[in-house]
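The values are calculated or read from the model by the stated rules, or taken from the named source; none is laboratory data. Bear in mind the structure is a predicted one, so any value in this text is a computation, not a measurement. Ideal geometry is used to build each Cβ from the backbone, glycine not excepted, and the neighbour counts take in all protein chains shown.
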Amino acid sequence: MKTQICIIGGGPSGLMLSQLLHLKGIDTIVLERQSREYVLGRIRAGVLEHGFAELMREAQCGERMDREGEIHEGFFIAHDGKLDRIDLHEHSGGSSVMVYGQTELTRDLYEARDRMGGKVIHNVEDVKINDVTSAAPFVTYRDGDEVVRIDCDYVIGADGFHGVSRKTIPADVLREHERLYPIGWLGVLSRTKPVSPELIYARHERGFALCSLRSQVLSRYYIQVPLTDTVEDWSDEAFWAELKKRLPEEVAARLETGPSIEKSIAPLRSFVAEPMRYGNLFLAGDAAHIVPPTGARGLNSAASDIYYLYHALVDHYQKGDDAGLEGYSAKALARVWKAQRFSWWMTMMLHTFPDGISYDRKLQETELQYLFSSEKALGSLAENYVGLPF
Ligand code: APR
Ligand code: PHB
């Protein structure tokens, strides 16, 4: 087979890029290791920054998001038994975020790719990226006993943190920067009315908690747990009881509980790989960087990668201009690091760390006091949360 762009990974990054390029007449093939059912069964976060919502519309995939998603102009931080609201709209100069599940967004992207005859190949095994430093790279994968070869101009590594693309870059070229946190988030999805119309991020000495939602009848809650805990350690009853302890009393009193329909634990990790380009291979999204979920930045730091790559590839094919491709890695990384900084800052401010010294706890308290006493600090939080410009 032959295509202009071979995209490894059929998550939101790969599908979005494929869709945008298709609308500009650029041919792509997407290779996905899992089945579609598997990809659409993964529960992921649910906050989209303004810029990502715009990209969905540009990709002609925004209709259901605009109908079913919720615009949020603020959220709460619970601390010291009280709720303080962050007015995103006021402090970001009129911006907001879209609450719409990433799983639904991925479904919309798959449907758009189907509608336009896009080529997305599932269940590919043993993907190998070859000759990326030459002008004629190719990708191979195994389909049963058969090895299939795809010749292309460029390879996009959008295959997430555990993908093959980043590992294709030689060790003497790739630099990896990582911070592991000794905690995880235990998440529960339940068919209950959300406790609050806007998200609540709670700092508590028992550990962090988050009240989020997918719709007015579907709630998503998280509590911080030790990394050694497993899902089996947490019955629904134990989860709800612990969540209530970490919320202000009046919030806990109105919390509607019910059976969990999904329960999982995710470790918190910060990670960046540099450079994001090696020859004709370009990394995008989770393949190159991971943030802890506290600032709702995961998909959003992928969004700018996709935006830059999309424009760079369109300039290459339509104008013969390679400046965007040449500058991609540096430009993408500059914004990636800002999302890293913000996610790290939110994480450090709101969690309880097992080895935390009293000095650090005092700093956390001061950080919150400063935040709610300074218009400038609120402005900084708001502009990062709604998303820095691409
Ligand atoms: N070959 C083909 N596909 C692969 C391979 C491989 N070797 N390895 C992984 N994949 C697929 C995975 O099955 C997955 O569907 O690549 C896809 C990568 O998707 P994501 O992990 O969702 O990454 P990305 O599209 O960059 O989306 C970023 O996802 O994890 C969240 O917080 C993150 O919101 C962010 C978003
Ligand atoms: C979620 O709804 O899953 C969610 C929301 C905000 C976050 C992280 C996760 O910061």
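The table below lists the values:
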item: Residue match in the range 97-113 (condition: in contact (Cβ under 8 Å) with a residue 24 or more places away in the chain, basic (Lys, Arg) and either within 16 Å of ligand 2 (Cβ to nearest atom) or part of a helix (DSSP H, G or I) (or both)); result: yes
item: Strands (runs of 3 or more DSSP E) within the range 145-247 that include 3 or more residues within 13 Å of ligand 2 (Cβ to nearest atom), under 19 Å from the mean Cα position of the chain (by Cα) and more than 30 Å from ALA312 (Cβ to Cβ); result: 175-190, 209-215, 218-226
item: Any hit, the range 325-347, residues being in contact with a His (Cβ under 6 Å, 6 or more places away or on another chain) and either outside any helix (DSSP H, G or I) or farther than 24 Å from PRO389 by Cβ (or both); result: no
item: Failed criterion for ARG85 (all others in (1) touching a Phe, Trp or Tyr at 6+ places or on another chain (Cβ under 7 Å); (2) buried (at least 18 other Cβ atoms within 10 Å of the Cβ); (3) modelled with pLDDT of 95 or more hold); result: (2)
item: Only one of ASP305, ASP321, ASP315 that is of a type in the set (D, E, K, R) and not in a helix (DSSP H, G or I); result: ASP321
item: Any chance TYR141 is within 16 Å of ligand 1 (Cβ to nearest atom), closer than 30 Å to GLU73 by Cα, of a type in the set (Phe, Trp, Tyr) and surrounded by 14 or more Cβ atoms within 10 Å (Cβ to Cβ); result: no
item: Unmet criterion (only one of (1) over 27 Å from LEU381 (Cβ atoms); (2) touching a residue at least 24 places away in the same chain (Cβ under 8 Å); (3) away from ligand 1 (no atom under 16 Å from the Cβ); (4) not aromatic (Phe, Trp, Tyr)) for GLU205; result: (1)
item: Pick from the range 277-298, criterion part of a helix (DSSP H, G or I) and within 10 Å of ligand 2 (Cβ to nearest atom), ranking: nearest to SER18 (Cα to Cα); result: GLY298
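Yes or no, residue by residue, for (1) among the β-branched types (Val, Ile, Thr); (2) farther than 30 Å from ASP80 by Cα; (3) at pLDDT below 95:
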residue	(1), (2), (3)
ASP126	no, yes, no
VAL132	yes, yes, no
PHE138	no, yes, no
GLY144	no, yes, yes
GLY160	no, yes, no
ARG175	no, yes, no
ARG179	no, no, no
SER190	no, no, no
PRO194	no, no, no
